[in-house]
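**Q** Just dropping this structure here.
The values are calculated or read from the model by the stated rules, or taken from the named source; none is laboratory data. Predicted model, so just to flag it, every value in this text is computed and none were measured. Cβ coordinates were reconstructed from backbone atoms using ideal geometry, including for glycine residues, and neighbour counts include every protein chain displayed.
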């Protein structure tokens, strides 16, 4: 089978997954509303009580991007698990197509959904007074950071969806991935947390991702570390998660469907 | 004579439990072959192995001339699989499903489009082609499933329990399509738990039970293997019924009706001997009727003797009796 077929198969699968995303109006509407509602809530309800230095909108945007990516990853895990529990993947696999195109379709659709959610967070942020000072180069870096993070989360979600098989169980990913940001510097700086939590928040993978975006957009991180330093750690975390999740998902896909 | 499927010694176990225990299978090109058996007999596993979805633990097979293990891509190019749960995308419309599958079969876009429109008409789905499959009835989903299978005419079509859950009219219609495929030169491997379906459609039938093929042949061969005819004996009292069970080879029995079915060659002498045997056993029959055996009888005689040869548990005995009384 040629590369042209592999590309054509992948394109068909991406179109299928995107179409399916658009056709689940409730899920789609929730995914679009979430960034806006969270932004309003965090800035206007909690924002007044937060001492983050500067306006809270300036602080919270990267955190909300990561929170929405966690929600989006849950959606991906459910979509993958649903596919695996229905007969259609069996049919795909009994056809002369590239097996990898099936997961590639899910990942590409996940990337598209999450980048749209990210754009909505940014739009809502600008609407409530977020004033990033970063140069176009810094913007490009921040977008690259969030894209890498979403890609890693998408593969992680796909692996989880393959592992648990049932869509209901896959939904647990949403809960976990939306909970982790609260134990990072997403909403409050680590120094304001109790001593027990401080090392957790400072060293978990979401924090360097958030701090890299924060540093690039606002010119300084909440940890006091240099942006370059956070970016290296974030990139390393994303690479490790991506490689591990990709390997796990590929292995699970071969073995889950072959059982 | 050419064979589209040639399998020997297929074994598969899941978690140490054997599901297929040495299955040999030869399916003639252009024929309809039915794999008959109850739930859990291993039918679906065998189909999944032959469709390259599951690797067998042991055994070899060629499908449409391609070795299953050495050339799975060649096999996939020659087959089409329709699953137990119709393998179509619920969220897409009928047209979108067909075009998507057409593209995945590497038809050029224009050809995929034209072929989809033709197939929708052929399978009586033209009116609902632009509706989402979610809104389809069971019969419509199976028809779409079959239409997808015909996008590129396969050499071997798998139909895994194609009529489970369908109403009688949809079932008849689906049978009609399957016959047309076979007339068109497509070899069909059908799994079913409905004996009538195998009887109606199949050129040859293999009965699968606990992972082994316990009988194979044409429907007529299988029926005559029982000895031509089935004699049903009814007894006046429970004691007679019990004594009869102990003294003659029983295909099946019904405790409530106190009936016992026995296979014979259909001759008057055989029936006379049978009645004499029962009289000497102290179980004179009150009523006698004679019937051509059905595939049910064959299947029950094969599976029941197996059950009895192991220690019969209460539940198994009940199940057989229940099954017999439904008919």
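**Q** For region A:193-214, which residues satisfy the criterion of being within 27 Å of residue A:138 (Cα to Cα) and in a helix (DSSP H, G or I)?
**A** A:201, A:202, A:203, A:206, A:207, A:208, A:209, A:210, A:211, A:212, A:213, A:214
**Q** Checking the structure you have, find out if any residue of region B:22-36 is in contact with a helix residue (DSSP H, G or I) (Cβ under 9 Å, 6 or more places away or on another chain), surrounded by 15 or more Cβ atoms within 10 Å (Cβ to Cβ) and within 10 Å of another protein chain (Cβ to nearest Cβ).
**A** No: zero hits.
**Q** On to the next question. Among the residues of region A:30-50, is any assigned to a helix (DSSP H, G or I), crowded, with 18+ Cβ neighbours inside 10 Å and more than 20 Å from the chain's Cα centre (by Cα)?
**A** yes
**Q** Confirm whether residue A:19 is within 14 Å of chain B (Cβ to nearest Cβ), within 23 Å of the chain's Cα centre (by Cα) and at pLDDT 85 or above.
**A** Answer is yes for this residue.
**Q** Return the only residue of B:99, B:55, B:77 being in contact with a helix residue (DSSP H, G or I) (Cβ under 9 Å, 6 or more places away or on another chain), at the interface with chain A (Cβ under 7 Å from one of its Cβ atoms), surrounded by fewer than 24 Cβ atoms within 10 Å (Cβ to Cβ) and over 17 Å from residue B:188 (Cβ atoms).
**A** B:55
**Q** Filter region A:87-97 for residues that are assigned to a helix (DSSP H, G or I) and within 15 Å of residue A:15 (Cβ to Cβ); which is farthest from the other protein chains (Cβ to nearest Cβ)?
**A** Result: A:92.
**Q** Let me ask something else about it. Which of the residues that make up region B:214-261 are surrounded by fewer than 20 Cβ atoms within 10 Å (Cβ to Cβ), closer than 28 Å to residue B:23 by Cβ and at pLDDT below 85?
**A** Of everything in region B:214-261, those that are surrounded by fewer than 20 Cβ atoms within 10 Å (Cβ to Cβ), closer than 28 Å to residue B:23 by Cβ and at pLDDT below 85 turn out to be B:220, B:221, B:224, B:225, B:227, B:249.
**Q** Could you please find all residues in region B:161-206 being modelled with pLDDT under 90 and not in a helix (DSSP H, G or I)?
**A** Correct list: B:161, B:162, B:163, B:164, B:165, B:166, B:167, B:192, B:193, B:194.
**Q** Here's another thing I want to ask about it. Specify the residue that is surrounded by the most Cβ atoms within 10 Å (Cβ to Cβ); the eligible residues are those in region A:98-116 that are within 11 Å of chain B (Cβ to nearest Cβ) and over 16 Å from residue B:97 (Cα atoms).
**A** The qualifying residue surrounded by the most Cβ atoms within 10 Å (Cβ to Cβ) is A:101.
**Q** Restricting to region B:121-142, give me the number of residues that are within 22 Å of residue A:20 (Cα to Cα), away from every other protein chain (no Cβ under 14 Å) and part of a helix (DSSP H, G or I).
**A** 2
**Q** Something else: Going by what's in this entry, would residue B:264 be described as touching a helix residue (DSSP H, G or I) at 6+ places or on another chain (Cβ under 9 Å) and either at pLDDT 80 or above or in the same structural domain as residue B:209 (by TED's automatic domain parsing) (or both)?
**A** So residue B:264 fails the test.
**Q** Here's another thing I want to ask about it. Give me a count of the residues in region B:114-138 that are crowded, with 16+ Cβ neighbours inside 10 Å and without any contact (Cβ under 8 Å) to a residue 40 or more places away in the chain.
**A** Number of matching residues: 7.
**Q** On the given criteria, is residue B:146 within 14 Å of another protein chain (Cβ to nearest Cβ) and touching a helix residue (DSSP H, G or I) at 6+ places or on another chain (Cβ under 6 Å)?
**A** Taking the combined requirement at face value, the residue satisfies it.
**Q** OK, next. Could you check, for region B:27-47, whether at least one of its residues is more than 27 Å from residue B:296 (Cβ to Cβ), out of contact with any strand residue (DSSP E or B) (no Cβ under 8 Å at 6 or more places or on another chain) and without any contact (Cβ under 8 Å) to a residue 12 or more places away in the chain?
**A** The answer is no; no qualifying residue exists.
**Q** Here's a follow-up. Output the residue which, of all residues in region B:151-178 that are in contact (Cβ under 8 Å) with a residue 60 or more places away in the chain, away from every other protein chain (no Cβ under 12 Å) and under 23 Å from residue B:78 (Cα atoms), is surrounded by the most Cβ atoms within 10 Å (Cβ to Cβ).
**A** Looking at residues that are in contact (Cβ under 8 Å) with a residue 60 or more places away in the chain, away from every other protein chain (no Cβ under 12 Å) and under 23 Å from residue B:78 (Cα atoms), I get B:159.
**Q** Does residue B:193 qualify as being touching a strand residue (DSSP E or B) at 6+ places or on another chain (Cβ under 8 Å), surrounded by fewer than 23 Cβ atoms within 10 Å (Cβ to Cβ) and more than 14 Å from chain A (Cβ to nearest Cβ)?
**A** Yes.
**Q** Among A:145, A:84, A:153, which is the only one that is in a helix (DSSP H, G or I), touching a residue at least 24 places away in the same chain (Cβ under 8 Å) and within 14 Å of another protein chain (Cβ to nearest Cβ)?
**A** Result: A:84 is the single residue among A:145, A:84, A:153 that is in a helix (DSSP H, G or I), touching a residue at least 24 places away in the same chain (Cβ under 8 Å) and within 14 Å of another protein chain (Cβ to nearest Cβ).
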